[in-house]
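Here the structure comes first, spelled out in structure tokens, and everything after it is commentary.
The values are calculated or read from the model by the stated rules, or taken from the named source; none is laboratory data. From a predicted model like this one, the values you see are computed outputs, not experimental measurements. Note that we place each Cβ from the backbone using ideal geometry, even for glycine, and neighbour counts take in every protein chain shown. Keep in mind that these areas ignore ligands, DNA and RNA; they rest on the heavy atoms of the full protein, side chains included. Shrake-Rupley method; radii C 1.70, N 1.55, O 1.52, S 1.80 Å.
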Amino acid sequence: MTERSDATVPSRAERFLDSDLWWSFKSHKSAVGATTVLTLVILTAFLAPLLSPQNPYDLAALELWNAELPPVWVKGGQMPYLLGTDVQGRDILSGILYGTRISIIIGIASVALSLVVGIGLGMMAGYYRGWVDNVLMRIGDVLLSIPIILVAILVSSVAQQFLSPAWREAGVAAVLVLAIAMYSWVQYARLVRAQTMVERRKEYVQASRLVGTPARRLMLKHILPNTLTPIFVAATLNFGLAILIEATLSFLGVGMPPNQPSLGTLIRVGNQYLFSGSWWIVLFPSIQLCILVVAVNMLGDWLRDALNQKLR
């Protein structure tokens, strides 16, 4: 028998392009459109220093005599302020691009932190059961009984009170990540706990336990890979939710400061001038936030349907 040539072995990319998941993605117009829009939004946000006509975080670059300029297609607008300026002379388009980058970073960081905490605690609760399971799940029940916005506001307010003025603005992004993750980990923990309770009864897990495989290695190597599908779907959907929570906190004044605006901060500042005629200050950041969240949710909906075996 001749050995199989390495050239005939398909690569991971080739296997993915030949998979049902890729076929489902190509045939789903909403998923393709959402991915295209989301990719464009993320690229423009992280390329903001190259694309923006102004650095909105540099106070020296702000020109007060250019304050409240309308968009260029409205009488009184001027280039390079394509979408107009705010009351401080900050370019709206530049603020949107930089603010989107902050919102995306906070969303990704909060989802990542809640994933690590939720997966770890959920596997412990499902594997060890007993008092470990009772304590962890009761803590989760208490957090879920409180509205997420109240939890986030409480954590943000308490953390900012303990931070010194020098560290308050520098650490506000980390506080927001902690506040969002403190609530979001419960959902991941429940999903992983349920899946772990199923997997721990299967023969391959029992066989590994009989040969003396340590519990930590058993959970990470055998049980964790079988829990990733629902976790991945939940993380995609919660990414949009995390962005909305950050925007809500910033809108309420306990999020990002005005000198480091996120989309929520831009909307809060613009809302003060909504009825004074400067409608563009609040309109365009709101549209960007809606586009970002809707694209993430549409992608998450497709992923949930594509990975659900019962719907195939």
Report task. Would you please report the Å³ per residue occupied by the convex hull of the alpha carbon atoms in the chain? Result -> 210
Query - For the chain, built as a Gaussian network whose Cα springs stay under 10 Å, the top-fluctuating residue of Ser103, Ser208, Ser250 - result: Ser208
Query raised in the report: So what's the back-of-envelope 222 nm ellipticity for the chain, counting only DSSP H runs of four-plus at -39500 (n - 2.57) apiece and dividing by all residues, rounded to 500?
Result: -22000 deg cm²/dmol
Report task. State the Kirkwood hydrodynamic radius of segment 111-236 in Å, one decimal place, computed from all pairs of distinct Cα atoms. Result -> 15.9
Query raised in the report: What is the gain in length, in nm to one decimal, between Tyr57 and Arg209 on full extension, counting 0.36 nm per residue of separation less the C-alpha to C-alpha distance?
Result: 49.1 nm
Query raised in the report: If packing is taken as the mean number of other Cβ atoms within 10 Å per residue, what is the order of 177-185, 298-306, highest first?
Result: 177-185, 298-306
Report summary line: Taking placed amide H atoms and a strict 5 Å upper bound, the residues 5 or more places from Thr85 or on another chain that come that close are Glu68, Leu69, Ile92
Query raised in the report: Once whole DSSP H runs in the chain are found, which of them have Cα atoms spread over 30 Å or more along the helix axis and a mean Kyte-Doolittle score of at least -0.5?
Result: 92-128, 172-199, 228-251, 280-307
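Give me the compactness ratio for segment 47-153, meaning the Cα radius of gyration over 2.2 N^0.38 Å.
Working it through for segment 47-153, the quotient is 1.76.
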Report summary line: Sites removed, the longest contiguous part of the chain containing no DSSP-loop GluC sites (Glu not before Pro) with at most 16 other Cβ within 10 Å is 170-312
Requested in this report: Determine the per residue accessible area of the chain with all protein chains present and a 1.4 angstrom probe, expressed in square angstrom.
Outcome: 54
